[in-house]
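**Q** I am attaching a structure below and will ask some questions about it afterwards.
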Amino acid sequence: TTSPWFVRPHSADHPARLFCFPYSGSGASAFSAWPAALDDVQVCPVQFPGRENRLAEHHYGTYENLAADLIGPLSPLLDRPFALFGHCAGALPAYETAVRLAEQGLPRPACLFVSGQPAPHDAASDRMLTMTEAELRAELESVIRGRGIEPRPDMVDLGMAVLLRDLAAARAYRRTEPVAVGCPIVVLHWRDDPDVSLDQLAGWREYADSVDIQVVDGGHHDFMNAPDELRKTLTSWR
């Protein structure tokens, strides 16, 4: 039986897997435009509780809880090389998951990809954490329109309920001292991202022996379209 943590059935036909963590206010559908596989790497979007098809479930509460709860469903799928990808705030539970895998002696990712997100000890600088509800609503409407959908009031209300709980988790997250992960980290900076600068991403260099910061063309939410440049980067570890 497929776990509710994953929206796609897992295949034994691919020799590697990429687990994808969505950003605040979103769910696994953020990766709906991504193909089922990138070359020989199966794409496995992670579905957090409290949204989309898991809307009736309790919110995860904190990134630490989220990572701890994910380890059980994730463990049977670590029977082949794998990597983790997290966009924006989704990079933080992806990182926490990598930390817990190491702590529990489980297989470690071959690579941790973090996209458009400052390092954990700089996470409090996220501009969304200081925005009013009116500003957040306008931001959410803009993102929905960017996906080619005209936002209905009921759609925005539902999205706001998820977003506000996610942001509460982001505000509660505090990791003041870097804990290194035992795998390379690839940090992606989107060239046209007005909110996260290249300098803000440098803090990730404290989290692994090998940290590669790359600049990719596009804006903050262009990852959802799985552009070719991103696809090539996400299979570079194979």
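The values are calculated or read from the model by the stated rules, or taken from the named source; none is laboratory data. Note that the structure is a prediction, hence the values are computed from the model and not measured. All Cβ positions, glycine included, derive from the backbone under ideal geometry; neighbour counts span all protein chains shown. When the accessible area is computed, the model is the full protein with side chains, heavy atoms only, and any ligands, DNA or RNA have been set aside. Shrake-Rupley method; radii C 1.70, N 1.55, O 1.52, S 1.80 Å.
**Q** First select every other residue whose beta carbon is under 13 angstrom from the beta carbon of Phe6; then total the charges, Lys and Arg +1, Asp and Glu -1. Each step should come with its number before you reach the end.
**A** On the way: positive: Arg8, Arg17, Arg54; negative: Glu52.
The answer is +2.
**Q** Something else about it: Per residue, how many Å² of accessible area does the chain show with a 1.4 Å probe?
**A** Details: 10330 Å² over 238 residues.
On a per-residue basis, 43 Å².
**Q** Going by Cα centres, the stretch 116-159 and the stretch 1-25 are how many Å apart?
**A** 24
**Q** Separate question: In the neighborhood of Asp192, defined by Cβ-to-Cβ distances under 10 Å, what is the net charge if each Lys or Arg adds +1 and each Asp or Glu adds -1?
**A** -2
**Q** Could you work out the relative contact order of the stretch 9-155? I mean the mean sequence separation of Cα pairs under 8 Å and 6+ apart, divided by the number of residues, in percent. Please report the intermediate quantities before stating the final value.
**A** Numbers: 188 pairs, mean separation 30.6, N = 147.
Over the stretch 9-155, the number comes to 21 percent.
**Q** Using only the C-alpha atoms of the stretch 40-143, find the volume of their convex hull and express it per residue in Å³.
**A** Numbers: hull volume 14.3 nm³, N = 104.
Roughly 138 Å³ of hull volume per residue.
**Q** For the chain, what log10 I(q)/I(0) values come out of the Debye formula at q = 0.11, 0.13, 0.15 1/Å, with one point per alpha carbon and no solvent?
**A** Taken in order of the listed q values, log10 I(q)/I(0) reads -0.52, -0.75, -1.03.
**Q** Taking one equal scatterer on every alpha-carbon of the stretch 103-238, how large is log10 of I(q)/I(0) by Debye at q = 0.11, 0.12 1/Å?
**A** Normalising to I(0) and taking log10 leaves -0.49, -0.58.
**Q** Could the peptides 74-85, 149-160 be put in order, highest first, of the mean number of other beta-carbon atoms found within 10 Å of their residues?
**A** Working: 74-85: 18.7, 149-160: 12.7.
Peptide ranking by packing, descending: 74-85, 149-160.
**Q** Continuing with this model, one more query. From the square roots a ≥ b ≥ c of the eigenvalues of the alpha-carbon gyration tensor of the stretch 12-64, which class results: rounded (a/c under 1.5), prolate (a/b over b/c), or oblate?
**A** Values: a/c = 2.58, a/b = 2.16, b/c = 1.19.
Taking the square roots of the gyration eigenvalues as a ≥ b ≥ c, the stretch 12-64 is prolate.
**Q** Sorted by average packing, counted as other Cβ atoms within 10 angstrom per residue and highest first, what order do 182-195, 52-65 take? Working shown, then result.
**A** Working: 182-195: 17.9, 52-65: 15.6.
Descending packing order for the listed peptides: 182-195, 52-65.
**Q** I would also like to ask the following. Applying a 10 Å radius around every beta-carbon, put 205-214, 133-142, 22-31 in order of their mean neighbour count, most first.
**A** Numbers: 205-214: 15.9, 133-142: 14.2, 22-31: 22.6.
Put in order of decreasing packing, that is 22-31, 205-214, 133-142.
**Q** With each run of n ≥ 4 DSSP H residues scored as -39500 (n - 2.57), what mean residue ellipticity at 222 nm is computed for the chain after dividing by its residue count and rounding to the nearest 500 deg cm²/dmol? Please report the intermediate quantities before stating the final value.
**A** On the way: 5 runs with 66 residues, N = 238.
Calculated at 222 nm, the ellipticity per residue is -9000 deg cm²/dmol.
**Q** Of the DSSP beta bridges with both residues in the chain, give the percent that are antiparallel, rounding to the nearest 5.
**A** Numbers: 3 of 28 bridges.
Counting DSSP beta bridges with both partners in the chain, the antiparallel share is about 10 percent.
**Q** Below 11 angstrom from the Cβ of Phe223, what's the summed charge of the other residues (Lys, Arg +1; Asp, Glu -1)?
**A** In short, -2.
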